[in-house]
Amino acid sequence: MSRPDLSFLLHREDAPAAPPSLPDLDSMPLEALPVFELPEDLPDDDPLAALIAELRNYQNELEIQNKVLDYSQAVAESASERFEALFSSVPLPLLVLDEHDMVIQANAMAHNAFQAEGHDRLLVSFMPYVCPTDTQRVAQAFEASRTAGHSEAHEVIFTLGSGQQIQADLHIACIQIPQREGPAIAQFMCAIVDQGPLLAERHQLQERNDQLHASERRLESVINSSLDAIICVDRDQRITVFNPTAAALLLCPVADALGSKLERFLPDAVHALDLAPLTTQAMLGEMTARTATGKTLPVEVSMSFERLSDGEVTTVFARDLTSHKRAEAQRSELEMQLRESHKMQALGTMAGGIAHDFNNIVGAILGNVELAKADCSHNPQALESLLEIEKAGRRARDLVRQILTFSRNEPPKRYAVHAHEVMRDTERLLRVTLPPAIELQVNVSHDLPCMLADPTQVEQALFNLTTNAVHALGESRGLIRMEAALSLSEQRLCDRLGLTLGDYLVITVQDNGPGIAPTTLQRIFEPFFTTKPVGQGTGLGLAVVHGVMRTHGGAVDVSSQIGQGSVFALYFPVMSPEILGIQPPAPPASSRACAVPAASAVPAPSGHKHVMYVDDDQALVSLVQRLLRRRGYQVTGFLDPREATQALRQNPFAYDLLVTDYNMPGYCGVDLVRDSKAIRPDLPVALASGYVTAEIEAQAIAAGALALIYKPNDVNELCETVDRLIQPQQF
């Protein structure tokens, strides 16, 4: 507001020539302004009145301005106090620096941080506390703040008064302070933000992030390397994850599967997605999957439900059951074969157990028939009946031998055998009894390798198979073909038949008969099982074949179709090349004598030789007594081997020969052989058994037996063995 112009007062007409001097209003304070005493009756148009009114207005304005200045001063003082309070209470080190790095002001946090403990030295400069490696960067930040008004320097290392170093961010604000004279002065307000906790937290977050990435990579690796098909679907049942196993199982590329509906591959599993609100896992079991080509395959399916922030995710696990079902089928087949093998073993054990008693019965029958034939030579009718009895007895004896062939567990004595030789021998036997309507063909090459077998048992197996084929054809015209070929190693075939991996010589017997029903095929190798009418079969033919192949380390396989005939295949191990030159040994004698030469003529015994015969069967003891007494021997029979041992101990030299049975209740004939040798070492001893194995033979020879007699032998064979043992000097 300008001062009022009072010059007009100096030029009033009625004013004196020399006006009085007025005080300088500009230099006087408001309270010192003069107070003019003016009359109140001045006219309104008087200039003096106007001047006075203007002066009064000016005075009022000055008073108002004075009050405003007082208020502004109070506000400024209050703001300064608030700034000081804020500056001192901010939980950050704050400093105000001038252009020469002099500390103008610093708060308590700055003093505590940059002043050493126990010293009250003032904080003078700021840059000495900056690490030398960051000095240039901090100086550039100060220059940048001078231009832009503010700047920042991140991760600056400061050395505190305690010697500890911290890593902090420096925030700089430049304030220009105006001066009455000359340019404004720049001051810098610095705020130091310790980044240690933030850096530690950031480091932890980084580590956690790295762990999450590593976990994701591991999860991806697990999913990609899983043997199960893994499929993830979203809330719309669209596939979001499709691992390589799923691609290989369902025959669909990953790019083609992503985005597809789940029902494209697992239509039966779609309804299980409704279980997501109820559970987190679901085992769905076996289902049918559909490949991209339309093929179906069995799979085992389970699901996992997960609720995420962006929706629900369902993971489907599918495991291929094709190989599992194939393995189950193979295992079922092997279990059935094992059950059949156990059944065969049990029946074989039973057959071996009854052979002893049955041999004694058959031996007694044949022996008594032989004696009766000698007594009834003058009676043709009785002799004819005895011949029929003898025929039936020999048939029973052969039946027992078939049972023992089936039940025998020890391996036979095998050597190199040519397939064409045994097949031609079997053909010669069959030609005699073969019906005219049946044709027999034998196809075998002489270049086939030798097989490791017992030729007698091989001929018996082939004879049984061809005889069954003849019975199957009956009176109708038919064809029986025997062939031999080399079968190379095949893992699947060996697993199915229970064979060790190797090469086998296969002899097949094929006919074009009516075939075999599937129900009959399951029991075809069971002993005593037959489909023939009563009196036409014993049910031991194929059981003997099974036993022969088992003891040879081979197997028998059969395939048949109704109306097209049957094929039996015998798998014999091939002879190794290094022992192909071995020749078959001479067939053993029927008496299986050891260290005693055979003889064709039996001279009469000189004097009355005494024979001790020990057997638990009364009929057999009576037969041997009658038989040997007719040949001039004195015979003493014992049913109890303990009584025989006691009698021998009482009079050791009263006996010239000891013949004992092998298997007696609660006693073994080998023990009796040992006891007799302990009592009298030079006493000849023979061991008789209806079940002579290699183990029994070795035990008997080790105990001192000179001969092994196979029961039931012919009467002449038994007598010849006794004569050779009692009178060895005459043979």
His471 versus (1) in contact (Cβ under 8 Å) with a residue 40 or more places away in the chain; (2) open to solvent by 40 Å² or more (accessible area, probe 1.4 Å); (3) over 20 Å from Val548 (Cβ atoms): which is the lone unmet condition? (3)
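Residue-wise test of (1) free of Cβ contacts under 8 Å to residues at least 12 places away in the same chain; (2) part of a helix (DSSP H, G or I).
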{"site": "Asp256", "(1), (2)": "no, yes"}
{"site": "His271", "(1), (2)": "yes, yes"}
{"site": "Thr279", "(1), (2)": "no, no"}
{"site": "Met283", "(1), (2)": "no, no"}
{"site": "Leu297", "(1), (2)": "no, no"}
{"site": "Val301", "(1), (2)": "no, no"}
Residues satisfying the stated conditions in the range 332-350, i.e. modelled with pLDDT under 70 and among the charged types (D, E, K, R): Glu340, Lys343
Which residue pairs have Cβ atoms closer than 7 Å, lie 6 or more positions apart in sequence or on different chains, and pair a first residue in the range 477-494 that is without any contact (Cβ under 8 Å) to a residue 40 or more places away in the chain and over 25 Å from Leu430 (Cβ atoms) with a second residue that is outside any strand (DSSP E or B) and open to solvent by 30 Å² or more (accessible area, probe 1.4 Å)? Leu488/Asp503; Ser489/Leu501; Ser489/Asp503; Gln491/Leu501; Cys494/Thr500; Cys494/Leu501
Those residues of the range 442-480 which are outside any helix (DSSP H, G or I) and closer than 19 Å to Ser560 by Cα, in sequence order: Gly474, Ser476, Arg477, Gly478, Leu479, Ile480
Can you tell me which residue is most open to solvent (accessible area, probe 1.4 Å) among those in the range 491-511 that are of a type in the set (D, E, K, R) and more than 21 Å from Cys450 (Cβ to Cβ)? Arg492
Residues that are open to solvent by 30 Å² or more (accessible area, probe 1.4 Å), of a type outside the set (Ser, Thr, Tyr) and free of Cβ contacts under 8 Å to residues at least 40 places away in the same chain, drawn from the range 609-636: Gln618, Gln625, Arg629, Gln634
Residues of the range 512-538 classified as touching a Leu at 6+ places or on another chain (Cβ under 7 Å), open to solvent by less than 30 Å² (accessible area, probe 1.4 Å) and modelled with pLDDT of 75 or more, total: 1
Read through the list (1) surrounded by 17 or more Cβ atoms within 10 Å (Cβ to Cβ); (2) modelled with pLDDT under 75; (3) touching an Asp or Glu at 6+ places or on another chain (Cβ under 9 Å), then give the number of the only condition that Gly541 fails. (3)
So, Ala318, is that one small (Gly, Ala, Ser), in a strand (DSSP E or B) and within 22 Å of Leu219 (Cβ to Cβ) or not? yes
Residue set Asp210, Asp194, Asp236; condition open to solvent by 30 Å² or more (accessible area, probe 1.4 Å), of a type in the set (Asp, Glu) and touching a strand residue (DSSP E or B) at 6+ places or on another chain (Cβ under 8 Å); output residue Asp194
Look at the range 200-237 and say how many of its residues are under 30 Å from His324 (Cβ atoms) and either of a type in the set (Ser, Thr, Tyr) or part of a strand (DSSP E or B) (or both). 8
Go through the range 143-185 and report how many residues are in a loop (DSSP other than H, G, I, E, B), open to solvent by less than 50 Å² (accessible area, probe 1.4 Å) and of a type in the set (S, T, N, Q). 0
Note down all Cβ pairs under 7 Å where the first residue falls in the range 77-92 and is in contact (Cβ under 8 Å) with a residue 24 or more places away in the chain, the second is in a helix (DSSP H, G or I), and they're at least six residues apart or on different chains. Leu92/Met109
With the condition being modelled with pLDDT of 50 or more and under 18 Å from Arg631 (Cβ atoms), I'd like the strands (runs of 3 or more DSSP E) fully within the range 548-615 carrying at least 2 qualifying residues. 610-614
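The values are calculated or read from the model by the stated rules, or taken from the named source; none is laboratory data. It should be emphasised that the depicted structure is a prediction, and the values quoted were computed from it without experimental measurement. Cβ coordinates were reconstructed from backbone atoms using ideal geometry, including for glycine residues, and neighbour counts include every protein chain displayed. The protein model used for the area step is the full one, side chains on, heavy atoms only, and it has no ligands, DNA or RNA in it. Shrake-Rupley method; radii C 1.70, N 1.55, O 1.52, S 1.80 Å.
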